[in-house]
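Peer 1: Below is a structure I'd like to ask you about.
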Amino acid sequence: MSNLLAPSVLAADFANLQRDIEMVNNSEADWFHIDIMDGTFVPNISFGMPVLKAITKHATKTIDVHLMIVNPDKYIQTFADLGADILTVHYEACTHLHRTIQAIKAAGMKAGVALNPHTPIAVLEDIITDLDLVCIMSVNPGFGGQSFIENTYKKVSQLKQLITFSNSNCQIEIDGGVTNQNANELIEAGANILVAGSYVFGAENPTETIADLKNIMA
């Protein structure tokens, strides 16, 4: 399984969004990570459908949509129609998680589940073989630029064990506080997709920063 880098568009310059999308298109990055927040599930509002539509119009790489919203089932088909390739919902937001995962797949997307920092890996035991991706939040969801939570390494190792034990093809994604200081350790623990936001878009040379991260992850 190859190691993938997904710059988080939440940290892009919204006044120059097309420029930043083209930068990712032309870089060594693999995916676009898009955070959708509703101000209810998390204490922040990001962007909605019109902005996602604008992003997918210019993006030439995989669109990885992370829903930090209540009642995600209501919008599954909408995100499929807007061009999402992967749709990740929060375990904490889904009362009927299995049904939600099946609905995402039925809409033609890959299905992911995100876990907040306080949520244990064990909650995924009964559904791990249905998942394409698990996103471990390494910061509290809602805002970019937060410090990495060190307990994440342990959770990645636990998830890797569960995936191996279950013969699942699930990928492990890390979202929050990813930099050149922890990228290698996360890959060694078992992750294969790293989301990087402010570390990439806040850099003096984002293309170079992406290349450096990819080199560390190789």
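Bear in mind that the values in this text are calculations on the coordinates, not laboratory data. Only a predicted model underlies this, so the values are computations on that prediction, with no experimental measurement involved. Because the Cβ atoms are built from the backbone with ideal geometry, glycine has one as well, and the counts that use them run over all protein chains shown.
Peer 1: Check D126, D132 and return the single one that is more than 17 Å from I36 (Cα to Cα), touching a residue at least 40 places away in the same chain (Cβ under 8 Å) and not hydrophobic (A, V, I, L, M, F, W, C).
Peer 2: D132
Peer 1: Here's a follow-up. Just checking, does the range 79-92 include any residue being without any contact (Cβ under 8 Å) to a residue 24 or more places away in the chain and either outside any helix (DSSP H, G or I) or buried (at least 17 other Cβ atoms within 10 Å of the Cβ) (or both)?
Peer 2: Scanning the range 79-92 turns up no residue that is without any contact (Cβ under 8 Å) to a residue 24 or more places away in the chain and either outside any helix (DSSP H, G or I) or buried (at least 17 other Cβ atoms within 10 Å of the Cβ) (or both).
Peer 1: Something else about it: Identify the residue in the range 42-77 that is outside any strand (DSSP E or B) and touching a residue at least 60 places away in the same chain (Cβ under 8 Å) and, among all such residues, is surrounded by the fewest Cβ atoms within 10 Å (Cβ to Cβ).
Peer 2: Among those that are outside any strand (DSSP E or B) and touching a residue at least 60 places away in the same chain (Cβ under 8 Å), it is P43.
Peer 1: Among the candidates D175, D212, which residue alone is within 14 Å of the chain's Cα centre (by Cα), among the acidic types (D, E) and either on the phi < 0 side of the Ramachandran plot or buried (at least 21 other Cβ atoms within 10 Å of the Cβ) (or both)?
Peer 2: Testing whether each residue is within 14 Å of the chain's Cα centre (by Cα), among the acidic types (D, E) and either on the phi < 0 side of the Ramachandran plot or buried (at least 21 other Cβ atoms within 10 Å of the Cβ) (or both) leaves just D175.
Peer 1: Being under 16 Å from the mean Cα position of the chain (by Cα), at positive phi and not hydroxyl-bearing (S, T, Y): is that true of G108 here?
Peer 2: For G108, the condition - under 16 Å from the mean Cα position of the chain (by Cα), at positive phi and not hydroxyl-bearing (S, T, Y) - is not met.
Peer 1: Any residue at all in the range 98-105 that is part of a loop (DSSP other than H, G, I, E, B) and out of contact with any His (no Cβ under 8 Å at 6 or more places or on another chain)?
Peer 2: There is no residue in the range 98-105 that is part of a loop (DSSP other than H, G, I, E, B) and out of contact with any His (no Cβ under 8 Å at 6 or more places or on another chain).
Peer 1: Mind listing whichever residues of the range 1-21 are among the charged types (D, E, K, R) and free of Cβ contacts under 8 Å to residues at least 24 places away in the same chain?
Peer 2: Result: R19, single match.
Peer 1: A further question follows. In the set N151, N180, N116, N215, which member is touching an Asp or Glu at 6+ places or on another chain (Cβ under 7 Å) and farther than 25 Å from R99 by Cα?
Peer 2: Residue meeting the stated conditions: N180.
Peer 1: Please work out which residue is farthest from the chain's Cα centre (by Cα), limiting yourself to the range 28-87 and to residues that are within 18 Å of G112 (Cβ to Cβ) and among the acidic types (D, E).
Peer 2: D73
Peer 1: Name the residues in the range 120-144 that are assigned to a helix (DSSP H, G or I) and over 11 Å from S168 (Cα atoms), would you?
Peer 2: Correct list: I121, A122, V123, L124.
Peer 1: Continuing with this model, one more query. If I filter the range 187-209 for residues that are loosely packed, with under 15 Cβ neighbours inside 10 Å and at positive phi, do I get at least one hit?
Peer 2: no
Peer 1: Follow-up. Which one of these is assigned to a helix (DSSP H, G or I), among the small types (G, A, S) and under 22 Å from S2 (Cα atoms): S157, S168?
Peer 2: Of S157, S168, the one residue that is assigned to a helix (DSSP H, G or I), among the small types (G, A, S) and under 22 Å from S2 (Cα atoms) is S157.
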